[in-house]
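The block underneath contains the structure these notes are about, expressed in structure tokens.
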Amino acid sequence: MCCSGILRGFGGIGAIVALILVVVALLKQLITLVGFLLVALKVAIIVVFVAVLVMIVLAIFRDRSRKRRGIDEL
């Protein structure tokens, strides 16, 4: 009779500890996922920034070449 109460008590404590460990493991994975998503977002922002810069540079060169063609044609 006395062992049954002790086992029941340890079982309840074990369940709480297991639940806490599962929550901690899930939080670690969630933090890792959020970190990965932030890195992906930063990389995407950098790629878009570089693409916009390349488009601006190409537009400048295209405009210069059009002006030179206009001067050459005159």
message: For the range 1-50, compute the orientation-averaged projected area of the C-alpha convex hull (one quarter of its surface), in nm².
response: 2.8 nm²
query: Taking the Cα atoms only, what angle lies between the long axis of helix 2-73 and the longest principal axis of the chain, rounded to 10 degrees?
result: 0 degrees
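All of the numbers you see were taken from the coordinates with simple rules; none came from a lab. Predicted model only: the values in this text are computed from it and were never measured.
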